[in-house]
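The values are calculated or read from the model by the stated rules, or taken from the named source; none is laboratory data. Everything quoted here is computed from the prediction, not taken from an experiment. Every residue, glycine among them, receives a Cβ derived from its backbone with ideal geometry; neighbour counts consider all protein chains shown. Only protein heavy atoms, including side chains, enter the accessible area calculation; ligands, DNA and RNA are left aside. Shrake-Rupley method; radii C 1.70, N 1.55, O 1.52, S 1.80 Å.
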Amino acid sequence: VLQGYAAEMDNPLMAHLISPELQNKKDILFGNMEEIYHFHNRIFLRELENYVEYPELVGRCFLDQMEDFQIYEKYCQNKPRSESLWRQFSDSVFFQECQRKLDHKLSLDSYLLKPVQRITKYQLLLKEMLKYSKNCEGAEDLQEALASILGILKAVNDSMHQIAITGYDGNLNELGKLLMQGSFNVWTDHKKGHSKVKDLARFKPMQRHLFLHEKAVLFCKKREENGEGYEKAPSYSYKHSLNMAAVGITENVKGDAKKFEIWYNAREEVYIIQAPTPEVKATWVNEIRKVLT
């Protein structure tokens with residue numbers, strides 16, 4: 001892909017086949033695939049080869065390289081832009097010519113999906129290895145490597161949702177790390193405001209997608225998009241946010257094990273939040289507690 005497509009975009013002999021709108025878009029189309037390739041080729045593969053005789057110790061190899069695996073997050077974040085560009089130009093003569101020269105049965109988009117599939121395969125591989133490495137040396141490293149890869153997958157997944165937030169004025173990066181995201185039923189209760197509105201608020205919940213950052217929690221409304229591939233991915237229109245410095249939490253709400261409360265400015269605003277399951281609630285409450293302490 002890097003030689004037969006990416007490099008060809010800079011080949012003067014192929015320039016006449018590339019439409020002007022596609023020129024200078026190489027970085028969008030391929031993201032940091034080259035970085036991923038070099039990491040595997042120069043570093044990770046060589047490391048793995050040291051464990052050919054000791055496969056049960058391979059967890060250590062993953063742990064040593066764990067920071068480098070974060071390059072996948074960058075690749076996945078760019079993927080929607082890449083796909084949208086590909087859709088515009090998928091029938092371009094340039095791509096057809098590259099595919100013909102490479103004698104590939106599949107078109108470029110199948111290969112651009114590979115890094116996304118690869119990072120999800122690692123966790124399956126580590127799970128399988130753990131199954132057969134119960135009491136041997138290296139089992140703990142495998143377990144830790146699996147946890148770390150799952151952590152990276154969660155970060156990738158969370159960031160894919162985060163880039164779909166629309167209508168937020170500030171810079172999301174200034175809110176600190178994204179810790180959790182998910183969909184909830186939310187009821188609000190404001191001290192100020194009309195009593196009628198208060199009564200109404202008790203009954204019908206709003207569907208909100210929450211993004212918990214270190215410095216703020218964002219409330220968004222999920223919009224399902226119609227389209228193919230990533231265009232089918234939802235987008236989240238920003239509604240409001242609460243600064244974590246002024247947030248308090250009530251962990252249990254009478255009568256429902258899935259509900260908890262987030263309140264703001266000494267209960268001036270109260271948000272009753274219902275998680276899909278008690279387990280989801282517990283994870284969120286724990287994360288919020290960590291931020292607050």
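Of these, E137, E73, which one is open to solvent by 40 Å² or more (accessible area, probe 1.4 Å), outside any helix (DSSP H, G or I) and touching a residue at least 24 places away in the same chain (Cβ under 8 Å)? Answer to the check: E137. The set of residues in the stretch 255-278 that are closer than 18 Å to M244 by Cβ, of a type outside the set (A, V, I, L, M, F, W, C) and either open to solvent by less than 40 Å² (accessible area, probe 1.4 Å) or without any contact (Cβ under 8 Å) to a residue 40 or more places away in the chain (or both) comprises E261, Y264, N265, Y271.
If you go through the stretch 36-67 and keep only what is among the charged types (D, E, K, R) and either in contact with a strand residue (DSSP E or B) (Cβ under 9 Å, 6 or more places away or on another chain) or open to solvent by 60 Å² or more (accessible area, probe 1.4 Å) (or both), you end up with R42, R46, E49, E53, E56, R60, D64, E67.
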